[in-house]
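A short worksheet on the structure shown next.
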Amino acid sequence: MDTTTQNFDVIVVGGGIIGCNVAHALCERGQKVAVIEAASLCSGTSANSFSWINGTSKVNSEAYHRLNASGLHAYHELARRFGEQRIGLYRCGTLEWSSPGEHSQLADLRHKAERLKAWDYPVAWVTQAELSAMEPHVVFREGAEGLFALADPWLDVPVFVSFLAERIRELGGQVWDDTPVEELLVDDDGTVTGVRIANGEVTAPQVVLATGPNTPDVLTELTGYEGFRARFPMIRSPGLLVTTPPVTDRALITHILYDADTHVHLRPGSSGGLLLGSDETDGLIDEDSGVDAIRSAATRLLEMTQQMLTSFSGAALLDECSFRIGIRAVPADGDSIVGPLPSAEGLFVVCTHSGVTMGPAIGDLTAQALLSGQVPEPIVPFGLERFQF
Ligand SMILES: Cc1cc2nc3c(=O)[nH]c(=O)nc-3n(C[C@H](O)[C@H](O)[C@H](O)COP(=O)(O)OP(=O)(O)OC[C@H]3O[C@@H](n4cnc5c(N)ncnc54)[C@H](O)[C@@H]3O)c2cc1C
(Lines give C-alpha, C1' and ligand atoms only; values in the text may rest on other atoms or scores of the structure.)
Protein backbone atom coordinates (compact mmCIF):
# COMPACT_ATOMS: atom_id res chain seq x y z
CA MET A 1 0.00 0.00 0.00
CA ASP A 2 1.27 3.49 -0.84
CA THR A 3 0.73 5.53 2.30
CA THR A 4 2.73 8.61 1.39
CA THR A 5 -0.31 10.27 -0.20
CA GLN A 6 -2.96 9.02 2.25
CA ASN A 7 -4.94 11.48 4.34
CA PHE A 8 -7.99 10.61 6.39
CA ASP A 9 -10.55 12.33 8.58
CA VAL A 10 -9.85 9.86 11.39
CA ILE A 11 -7.25 7.14 11.99
CA VAL A 12 -8.27 4.33 14.35
CA VAL A 13 -5.34 2.40 15.84
CA GLY A 14 -6.40 -1.15 16.78
CA GLY A 15 -8.68 -3.54 14.90
CA GLY A 16 -10.49 -5.18 17.82
CA ILE A 17 -14.17 -4.81 18.56
CA ILE A 18 -13.73 -1.27 19.88
CA GLY A 19 -11.66 0.10 17.02
CA CYS A 20 -13.91 -1.46 14.38
CA ASN A 21 -17.06 -0.10 16.04
CA VAL A 22 -15.60 3.40 16.25
CA ALA A 23 -14.57 3.24 12.58
CA HIS A 24 -17.96 1.87 11.52
CA ALA A 25 -19.86 4.63 13.33
CA LEU A 26 -17.62 7.25 11.70
CA CYS A 27 -18.00 5.72 8.22
CA GLU A 28 -21.78 5.69 8.66
CA ARG A 29 -21.50 9.45 9.22
CA GLY A 30 -19.58 9.92 5.96
CA GLN A 31 -16.08 10.18 7.44
CA LYS A 32 -13.00 8.93 5.63
CA VAL A 33 -11.48 6.46 8.07
CA ALA A 34 -8.51 4.08 8.26
CA VAL A 35 -8.34 1.25 10.79
CA ILE A 36 -4.71 0.28 11.33
CA GLU A 37 -4.14 -3.06 13.08
CA ALA A 38 -0.72 -4.40 14.09
CA ALA A 39 -1.61 -8.09 13.71
CA SER A 40 -4.85 -9.63 12.38
CA LEU A 41 -8.26 -8.11 12.92
CA CYS A 42 -9.87 -9.43 16.11
CA SER A 43 -6.71 -11.12 17.35
CA GLY A 44 -6.36 -9.42 20.76
CA THR A 45 -8.71 -9.58 23.74
CA SER A 46 -11.69 -9.56 21.38
CA ALA A 47 -10.71 -13.07 20.24
CA ASN A 48 -10.68 -14.36 23.82
CA SER A 49 -13.89 -13.13 25.37
CA PHE A 50 -16.86 -14.79 27.06
CA SER A 51 -18.82 -12.26 24.96
CA TRP A 52 -21.94 -12.01 27.11
CA ILE A 53 -23.70 -8.79 26.12
CA ASN A 54 -25.27 -7.42 29.26
CA GLY A 55 -26.01 -4.70 31.75
CA THR A 56 -27.04 -7.41 34.23
CA SER A 57 -23.67 -7.66 35.94
CA LYS A 58 -23.09 -3.90 36.11
CA VAL A 59 -25.02 -2.44 39.01
CA ASN A 60 -22.49 -0.44 41.03
CA SER A 61 -22.74 2.76 39.01
CA GLU A 62 -25.82 3.88 37.11
CA ALA A 63 -23.78 5.68 34.41
CA TYR A 64 -21.72 2.54 33.74
CA HIS A 65 -24.82 0.34 33.75
CA ARG A 66 -26.55 2.66 31.28
CA LEU A 67 -23.55 2.64 28.93
CA ASN A 68 -23.68 -1.17 28.96
CA ALA A 69 -27.46 -1.20 28.50
CA SER A 70 -27.13 1.15 25.53
CA GLY A 71 -24.66 -1.35 24.02
CA LEU A 72 -27.33 -4.04 24.33
CA HIS A 73 -29.89 -1.77 22.60
CA ALA A 74 -27.39 -1.00 19.85
CA TYR A 75 -26.99 -4.73 19.06
CA HIS A 76 -30.74 -5.17 18.86
CA GLU A 77 -30.86 -2.26 16.42
CA LEU A 78 -28.00 -3.73 14.33
CA ALA A 79 -29.82 -7.09 14.31
CA ARG A 80 -32.96 -5.34 13.08
CA ARG A 81 -31.01 -3.70 10.24
CA PHE A 82 -28.72 -6.54 9.18
CA GLY A 83 -30.08 -9.75 10.72
CA GLU A 84 -28.83 -11.66 13.77
CA GLN A 85 -26.94 -14.23 11.75
CA ARG A 86 -24.95 -11.67 9.78
CA ILE A 87 -23.76 -9.89 12.91
CA GLY A 88 -23.18 -13.14 14.89
CA LEU A 89 -25.75 -12.41 17.61
CA TYR A 90 -27.35 -15.23 19.60
CA ARG A 91 -30.39 -14.22 21.67
CA CYS A 92 -30.89 -16.52 24.64
CA GLY A 93 -31.23 -14.60 27.93
CA THR A 94 -29.28 -15.02 31.16
CA LEU A 95 -30.15 -16.99 34.27
CA GLU A 96 -28.28 -16.01 37.43
CA TRP A 97 -29.14 -17.73 40.69
CA SER A 98 -28.15 -18.33 44.29
CA SER A 99 -29.36 -20.65 47.05
CA PRO A 100 -29.47 -20.44 50.86
CA GLY A 101 -26.30 -21.65 52.61
CA GLU A 102 -22.77 -20.73 53.55
CA HIS A 103 -21.83 -18.99 50.30
CA SER A 104 -25.27 -17.62 49.55
CA GLN A 105 -25.46 -14.45 47.48
CA LEU A 106 -29.27 -14.39 47.57
CA ALA A 107 -29.59 -11.07 49.40
CA ASP A 108 -27.20 -9.37 46.96
CA LEU A 109 -28.96 -10.96 44.00
CA ARG A 110 -32.37 -9.71 45.17
CA HIS A 111 -30.91 -6.25 45.63
CA LYS A 112 -29.40 -6.45 42.14
CA ALA A 113 -32.73 -7.48 40.59
CA GLU A 114 -34.50 -4.57 42.30
CA ARG A 115 -31.90 -2.11 41.09
CA LEU A 116 -32.04 -3.43 37.53
CA LYS A 117 -35.84 -3.16 37.52
CA ALA A 118 -35.63 0.40 38.86
CA TRP A 119 -33.33 1.21 35.92
CA ASP A 120 -35.85 -0.37 33.49
CA TYR A 121 -33.50 -3.21 32.61
CA PRO A 122 -35.54 -6.24 31.50
CA VAL A 123 -35.27 -8.78 34.37
CA ALA A 124 -37.73 -11.07 36.12
CA TRP A 125 -37.32 -12.92 39.45
CA VAL A 126 -37.61 -16.69 39.05
CA THR A 127 -38.17 -19.55 41.49
CA GLN A 128 -36.37 -22.89 41.59
CA ALA A 129 -39.25 -24.53 39.69
CA GLU A 130 -39.06 -21.87 36.98
CA LEU A 131 -35.27 -22.18 36.77
CA SER A 132 -35.60 -25.95 36.37
CA ALA A 133 -38.27 -25.58 33.71
CA MET A 134 -36.02 -23.26 31.71
CA GLU A 135 -32.87 -25.37 32.14
CA PRO A 136 -33.95 -28.98 32.77
CA HIS A 137 -30.38 -30.36 32.74
CA VAL A 138 -29.01 -28.01 35.39
CA VAL A 139 -29.00 -29.08 39.05
CA PHE A 140 -30.22 -26.09 41.06
CA ARG A 141 -29.43 -26.40 44.77
CA GLU A 142 -32.35 -26.57 47.24
CA GLY A 143 -34.11 -23.21 47.54
CA ALA A 144 -32.35 -21.66 44.55
CA GLU A 145 -33.89 -18.48 43.17
CA GLY A 146 -32.60 -15.90 40.82
CA LEU A 147 -33.05 -13.51 37.98
CA PHE A 148 -33.83 -13.99 34.33
CA ALA A 149 -32.41 -11.25 32.11
CA LEU A 150 -34.42 -11.99 29.03
CA ALA A 151 -32.76 -9.63 26.55
CA ASP A 152 -29.10 -10.64 27.10
CA PRO A 153 -27.52 -12.29 24.05
CA TRP A 154 -24.01 -13.55 23.38
CA LEU A 155 -21.91 -12.62 20.39
CA ASP A 156 -19.69 -14.53 18.01
CA VAL A 157 -17.08 -11.77 18.13
CA PRO A 158 -14.96 -12.77 15.08
CA VAL A 159 -18.14 -12.90 12.95
CA PHE A 160 -19.18 -9.46 14.20
CA VAL A 161 -15.76 -7.88 13.65
CA SER A 162 -15.64 -9.34 10.10
CA PHE A 163 -19.07 -7.85 9.50
CA LEU A 164 -17.86 -4.44 10.71
CA ALA A 165 -14.74 -4.60 8.53
CA GLU A 166 -16.88 -5.43 5.50
CA ARG A 167 -19.20 -2.50 6.26
CA ILE A 168 -16.26 -0.11 6.77
CA ARG A 169 -14.90 -1.05 3.34
CA GLU A 170 -18.37 -0.81 1.72
CA LEU A 171 -18.69 2.69 3.14
CA GLY A 172 -15.34 3.76 1.68
CA GLY A 173 -13.08 3.19 4.70
CA GLN A 174 -9.75 1.36 4.78
CA VAL A 175 -8.83 -1.57 7.03
CA TRP A 176 -5.15 -2.46 7.14
CA ASP A 177 -3.94 -5.46 9.11
CA ASP A 178 -0.32 -6.51 9.77
CA THR A 179 0.48 -2.81 10.04
CA PRO A 180 1.86 -1.76 13.44
CA VAL A 181 1.62 1.93 14.21
CA GLU A 182 5.14 2.93 15.24
CA GLU A 183 4.85 6.55 16.24
CA LEU A 184 2.38 9.38 16.66
CA LEU A 185 3.01 12.43 14.50
CA VAL A 186 2.80 15.58 16.58
CA ASP A 187 3.17 19.17 15.37
CA ASP A 188 4.98 22.02 17.14
CA ASP A 189 1.85 22.88 19.17
CA GLY A 190 1.60 19.34 20.55
CA THR A 191 -1.35 18.47 18.31
CA VAL A 192 -1.48 14.89 17.02
CA THR A 193 -1.57 14.96 13.21
CA GLY A 194 -1.31 11.29 12.26
CA VAL A 195 0.79 8.17 12.68
CA ARG A 196 3.94 6.64 11.28
CA ILE A 197 3.87 3.08 9.95
CA ALA A 198 6.68 1.05 8.35
CA ASN A 199 6.19 2.43 4.86
CA GLY A 200 5.34 6.03 5.56
CA GLU A 201 3.12 8.54 7.28
CA VAL A 202 -0.66 8.55 7.47
CA THR A 203 -2.25 11.84 8.43
CA ALA A 204 -5.57 12.81 9.99
CA PRO A 205 -6.75 15.58 12.33
CA GLN A 206 -8.07 12.93 14.75
CA VAL A 207 -6.45 9.70 15.95
CA VAL A 208 -8.34 7.19 18.11
CA LEU A 209 -6.31 4.74 20.18
CA ALA A 210 -8.25 1.47 20.64
CA THR A 211 -5.39 -0.81 21.59
CA GLY A 212 -7.00 -2.76 24.45
CA PRO A 213 -4.78 -4.08 27.25
CA ASN A 214 -1.63 -2.88 25.49
CA THR A 215 -2.68 0.76 25.81
CA PRO A 216 -0.09 1.81 28.46
CA ASP A 217 2.76 0.26 26.44
CA VAL A 218 1.40 1.59 23.15
CA LEU A 219 1.11 5.13 24.53
CA THR A 220 4.67 4.88 25.86
CA GLU A 221 6.05 3.59 22.59
CA LEU A 222 4.11 6.02 20.41
CA THR A 223 4.91 9.11 22.45
CA GLY A 224 8.30 8.17 23.91
CA TYR A 225 6.97 9.18 27.36
CA GLU A 226 7.84 6.39 29.82
CA GLY A 227 5.36 7.69 32.43
CA PHE A 228 2.43 6.12 30.57
CA ARG A 229 3.81 2.61 31.11
CA ALA A 230 4.06 3.03 34.86
CA ARG A 231 1.08 5.24 35.60
CA PHE A 232 -1.66 4.80 33.00
CA PRO A 233 -4.67 3.86 35.20
CA MET A 234 -5.34 0.36 33.89
CA ILE A 235 -4.59 -3.15 35.07
CA ARG A 236 -4.28 -6.32 33.01
CA SER A 237 -6.50 -9.09 34.34
CA PRO A 238 -6.15 -12.54 32.75
CA GLY A 239 -9.11 -14.88 32.38
CA LEU A 240 -9.28 -18.56 31.41
CA LEU A 241 -11.89 -19.78 28.93
CA VAL A 242 -12.47 -23.47 28.27
CA THR A 243 -14.35 -24.64 25.18
CA THR A 244 -15.70 -28.18 25.40
CA PRO A 245 -16.35 -30.52 22.49
CA PRO A 246 -20.03 -30.92 21.50
CA VAL A 247 -22.00 -32.15 24.52
CA THR A 248 -24.71 -34.80 24.69
CA ASP A 249 -28.39 -33.80 24.56
CA ARG A 250 -28.61 -34.32 28.33
CA ALA A 251 -26.00 -31.64 29.00
CA LEU A 252 -27.38 -29.07 26.58
CA ILE A 253 -28.14 -25.61 27.90
CA THR A 254 -30.00 -22.82 26.16
CA HIS A 255 -29.23 -19.72 28.28
CA ILE A 256 -26.16 -17.91 29.51
CA LEU A 257 -25.81 -19.31 33.04
CA TYR A 258 -24.19 -17.70 36.08
CA ASP A 259 -24.11 -19.41 39.47
CA ALA A 260 -23.68 -16.45 41.83
CA ASP A 261 -22.51 -18.70 44.70
CA THR A 262 -19.66 -20.42 42.83
CA HIS A 263 -19.08 -17.72 40.16
CA VAL A 264 -19.04 -20.36 37.42
CA HIS A 265 -20.44 -19.02 34.16
CA LEU A 266 -21.20 -20.96 31.01
CA ARG A 267 -23.02 -20.55 27.76
CA PRO A 268 -23.66 -22.48 24.58
CA GLY A 269 -20.71 -22.30 22.17
CA SER A 270 -21.04 -21.89 18.42
CA SER A 271 -20.27 -25.53 17.56
CA GLY A 272 -22.39 -27.56 19.97
CA GLY A 273 -20.04 -27.39 22.96
CA LEU A 274 -20.02 -25.15 26.03
CA LEU A 275 -17.88 -22.13 26.85
CA LEU A 276 -16.85 -22.09 30.52
CA GLY A 277 -15.24 -19.57 32.86
CA SER A 278 -15.10 -18.77 36.57
CA ASP A 279 -13.62 -16.18 38.91
CA GLU A 280 -12.02 -18.95 40.98
CA THR A 281 -10.09 -20.49 38.10
CA ASP A 282 -9.10 -17.03 36.79
CA GLY A 283 -7.27 -16.72 40.12
CA LEU A 284 -5.30 -19.91 39.37
CA ILE A 285 -3.65 -18.65 36.17
CA ASP A 286 -1.66 -15.67 35.00
CA GLU A 287 -0.49 -14.32 31.65
CA ASP A 288 2.59 -16.54 31.68
CA SER A 289 0.95 -19.76 32.90
CA GLY A 290 2.41 -22.88 31.34
CA VAL A 291 0.48 -25.87 30.04
CA ASP A 292 0.42 -27.66 33.41
CA ALA A 293 -1.07 -24.69 35.29
CA ILE A 294 -3.66 -24.13 32.58
CA ARG A 295 -4.67 -27.80 32.49
CA SER A 296 -4.92 -27.88 36.28
CA ALA A 297 -7.19 -24.79 36.34
CA ALA A 298 -9.23 -26.20 33.45
CA THR A 299 -9.67 -29.49 35.34
CA ARG A 300 -11.07 -27.58 38.31
CA LEU A 301 -13.43 -25.63 36.03
CA LEU A 302 -14.68 -28.81 34.37
CA GLU A 303 -15.28 -30.36 37.81
CA MET A 304 -17.23 -27.32 39.02
CA THR A 305 -19.31 -27.41 35.84
CA GLN A 306 -20.07 -31.09 36.39
CA GLN A 307 -21.57 -30.19 39.78
CA MET A 308 -24.04 -27.95 37.92
CA LEU A 309 -24.70 -30.30 35.01
CA THR A 310 -24.57 -33.91 36.19
CA SER A 311 -24.77 -35.41 32.70
CA PHE A 312 -21.69 -33.44 31.71
CA SER A 313 -18.54 -35.57 31.66
CA GLY A 314 -16.42 -33.01 33.53
CA ALA A 315 -12.66 -33.51 33.78
CA ALA A 316 -12.88 -36.61 31.56
CA LEU A 317 -13.24 -34.14 28.66
CA LEU A 318 -9.98 -32.32 29.44
CA ASP A 319 -8.03 -33.63 26.44
CA GLU A 320 -10.85 -32.73 24.04
CA CYS A 321 -11.20 -29.15 25.30
CA SER A 322 -9.47 -26.06 24.00
CA PHE A 323 -8.15 -23.38 26.37
CA ARG A 324 -7.63 -19.66 25.94
CA ILE A 325 -6.28 -17.00 28.24
CA GLY A 326 -7.63 -13.55 27.44
CA ILE A 327 -6.33 -10.33 28.96
CA ARG A 328 -8.93 -7.90 30.24
CA ALA A 329 -8.04 -4.20 30.17
CA VAL A 330 -9.56 -3.02 33.43
CA PRO A 331 -9.36 0.72 34.16
CA ALA A 332 -8.31 1.41 37.76
CA ASP A 333 -11.85 2.13 39.01
CA GLY A 334 -13.40 -0.74 37.02
CA ASP A 335 -15.29 1.59 34.66
CA SER A 336 -14.35 2.54 31.10
CA ILE A 337 -11.86 5.05 29.75
CA VAL A 338 -13.44 6.90 26.83
CA GLY A 339 -12.28 10.40 25.99
CA PRO A 340 -9.56 12.72 24.74
CA LEU A 341 -6.08 12.29 26.19
CA PRO A 342 -5.73 15.42 28.34
CA SER A 343 -3.11 17.81 26.99
CA ALA A 344 -2.82 16.02 23.63
CA GLU A 345 -5.05 17.69 21.05
CA GLY A 346 -6.30 15.26 18.41
CA LEU A 347 -5.87 12.02 20.39
CA PHE A 348 -8.90 10.12 21.75
CA VAL A 349 -8.46 6.99 23.89
CA VAL A 350 -10.87 4.10 24.42
CA CYS A 351 -9.77 1.41 26.85
CA THR A 352 -12.34 -0.73 28.61
CA HIS A 353 -13.48 -4.03 29.98
CA SER A 354 -16.93 -5.22 28.75
CA GLY A 355 -15.99 -3.88 25.36
CA VAL A 356 -18.04 -6.56 23.62
CA THR A 357 -21.17 -5.29 25.33
CA MET A 358 -20.44 -1.59 24.91
CA GLY A 359 -18.65 -1.65 21.54
CA PRO A 360 -21.44 -0.32 19.30
CA ALA A 361 -22.55 2.28 21.87
CA ILE A 362 -19.01 3.50 22.53
CA GLY A 363 -18.37 3.56 18.78
CA ASP A 364 -21.39 5.77 18.25
CA LEU A 365 -20.62 8.11 21.16
CA THR A 366 -16.97 8.42 20.13
CA ALA A 367 -18.03 9.34 16.60
CA GLN A 368 -20.37 11.99 18.03
CA ALA A 369 -17.57 13.37 20.20
CA LEU A 370 -15.10 13.59 17.33
CA LEU A 371 -17.55 15.25 14.96
CA SER A 372 -19.03 17.74 17.41
CA GLY A 373 -15.96 18.49 19.51
CA GLN A 374 -18.19 17.94 22.57
CA VAL A 375 -18.05 14.84 24.76
CA PRO A 376 -21.62 13.41 24.78
CA GLU A 377 -23.26 13.23 28.20
CA PRO A 378 -23.28 9.38 28.52
CA ILE A 379 -19.47 9.26 28.36
CA VAL A 380 -18.68 12.40 30.36
CA PRO A 381 -18.07 10.30 33.55
CA PHE A 382 -15.52 8.14 31.73
CA GLY A 383 -12.90 10.71 30.78
CA LEU A 384 -9.25 10.22 31.71
CA GLU A 385 -9.24 13.45 33.72
CA ARG A 386 -10.94 11.59 36.62
CA PHE A 387 -7.60 9.92 37.34
CA GLN A 388 -4.51 11.59 38.76
CA PHE A 389 -1.67 10.06 36.80
C1 LIG B 1 -11.72 -13.85 29.68
C2 LIG B 1 -12.49 -12.64 29.22
C3 LIG B 1 -13.87 -12.64 29.26
C4 LIG B 1 -14.58 -11.51 28.82
N5 LIG B 1 -15.94 -11.55 28.83
C6 LIG B 1 -16.64 -10.49 28.39
C7 LIG B 1 -18.05 -10.56 28.34
O8 LIG B 1 -18.66 -11.58 28.68
N9 LIG B 1 -18.72 -9.46 27.89
C10 LIG B 1 -18.07 -8.32 27.50
O11 LIG B 1 -18.73 -7.36 27.12
N12 LIG B 1 -16.72 -8.25 27.53
C13 LIG B 1 -16.00 -9.29 27.96
N14 LIG B 1 -14.64 -9.24 27.99
C15 LIG B 1 -13.98 -7.98 27.63
C16 LIG B 1 -13.94 -7.75 26.13
O17 LIG B 1 -13.57 -8.92 25.46
C18 LIG B 1 -12.96 -6.61 25.84
O19 LIG B 1 -13.37 -5.46 26.56
C20 LIG B 1 -12.87 -6.26 24.37
O21 LIG B 1 -12.60 -7.39 23.58
C22 LIG B 1 -11.76 -5.23 24.17
O23 LIG B 1 -11.68 -4.92 22.80
P24 LIG B 1 -10.60 -3.90 22.28
O25 LIG B 1 -10.90 -3.68 20.85
O26 LIG B 1 -10.54 -2.72 23.18
O27 LIG B 1 -9.20 -4.64 22.49
P28 LIG B 1 -8.47 -5.76 21.60
O29 LIG B 1 -9.41 -6.76 21.09
O30 LIG B 1 -7.31 -6.25 22.40
O31 LIG B 1 -7.95 -4.94 20.34
C32 LIG B 1 -6.84 -4.07 20.41
C33 LIG B 1 -6.06 -4.22 19.12
O34 LIG B 1 -5.06 -3.21 19.06
C35 LIG B 1 -3.98 -3.75 18.32
N36 LIG B 1 -2.78 -2.95 18.54
C37 LIG B 1 -2.05 -2.86 19.68
N38 LIG B 1 -0.98 -2.06 19.47
C39 LIG B 1 -1.05 -1.62 18.18
C40 LIG B 1 -0.24 -0.77 17.38
N41 LIG B 1 0.87 -0.20 17.83
N42 LIG B 1 -0.62 -0.55 16.10
C43 LIG B 1 -1.75 -1.10 15.59
N44 LIG B 1 -2.54 -1.93 16.32
C45 LIG B 1 -2.20 -2.18 17.59
C46 LIG B 1 -3.87 -5.17 18.86
O47 LIG B 1 -3.16 -6.01 17.96
C48 LIG B 1 -5.33 -5.56 19.02
O49 LIG B 1 -5.83 -6.28 17.91
C50 LIG B 1 -13.89 -10.36 28.37
C51 LIG B 1 -12.51 -10.37 28.32
C52 LIG B 1 -11.81 -11.50 28.73
C53 LIG B 1 -10.32 -11.50 28.65
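The values are calculated or read from the model by the stated rules, or taken from the named source; none is laboratory data. Computed from a predicted structure; not experimentally measured. Counting neighbours? That spans all protein chains shown, and the Cβs are built from the backbone with ideal geometry, glycine included. Areas reflect the complete protein model, heavy atoms only, side chains present, ligands, DNA and RNA absent. Shrake-Rupley method; radii C 1.70, N 1.55, O 1.52, S 1.80 Å.
What the table below lists for this structure:
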| quantity | calculated |
| --- | --- |
| Contour excess over end-to-end distance, with Cα ends at Val291 and Asn7 and 0.36 nm allotted per residue | 97.7 nm |
| Label-to-label distance, nm, for residues given as Glu183 and Arg115 (7 Å Cα→Cβ offset) | 4.7 nm |
| On Cα atoms only, tilt of 157-170 relative to the major axis of the chain in degrees | 30 degrees |
| The chain: most fluctuating residue of Gln374, Gln174, Gln105 per GNM, C-alpha cutoff 10 Å | Gln374 |
| Separation of the Glu280 and Asp319 label points, Cα + 7 Å toward Cβ, nm | 2.6 nm |
| Between the range 190-223 and the range 43-75, the Cα center-to-center distance that results, in Å | 26 Å |
| Estimated inter-spin distance, His76 and Met134, nm [label 7 Å along Cα→Cβ] | 1.6 nm |
| Calculated FRET value between Gln374 and Arg231, using beta carbons and R₀ = 22 Å, to 0.05 | 0.20 |
| Listed residue (Val159, Pro180, Leu131) projecting farthest to the positive dipole end of the range 126-181, Cβ model | Pro180 |
| FRET E, pair Ser43, His103, Förster distance 41 Å, beta-carbon r, rounded to 0.05 | 0.65 |
| Zone of Glu385's modelled label, taken as backbone nitrogen in the range 350-366 under 20 Å from a point 7 Å along Cα→Cβ | 350-351, 365-366 |
| Estimated dipole of the chain in Debye, rounded to 20 [Cβ of Lys and Arg +1, of Asp and Glu -1, Cα centre] | 820 debye |
| Percent carbon-and-sulfur accessible area, the chain, ignoring ligands, DNA and RNA, probe 1.4 Å | 49 percent |
| Rounded tilt (10° steps) of 106-118 against the dominant C-alpha axis of the chain | 50 degrees |
| Highest-MSF residue in the chain out of Asp188, Asp108, Asp178 [GNM, Cα springs under 10 Å] | Asp188 |
| Estimated vicinal HN-Hα couplings, Hz - the range 47-57 in sequence order (Karplus 6.51, -1.76, 1.60; Gly, Pro = x) | 7, 10, 10, 6, 6, 8, 8, 6, x, 4, 8 |
| Reach of Lys58 by Cα under 28 Å, taken over lysines that are not fewer than 8 positions away in the same chain | Lys112, Lys117 |
| Cβ crowding within 10 Å averaged over residues, with 190-201, 281-292 ranked highest first | 190-201, 281-292 |
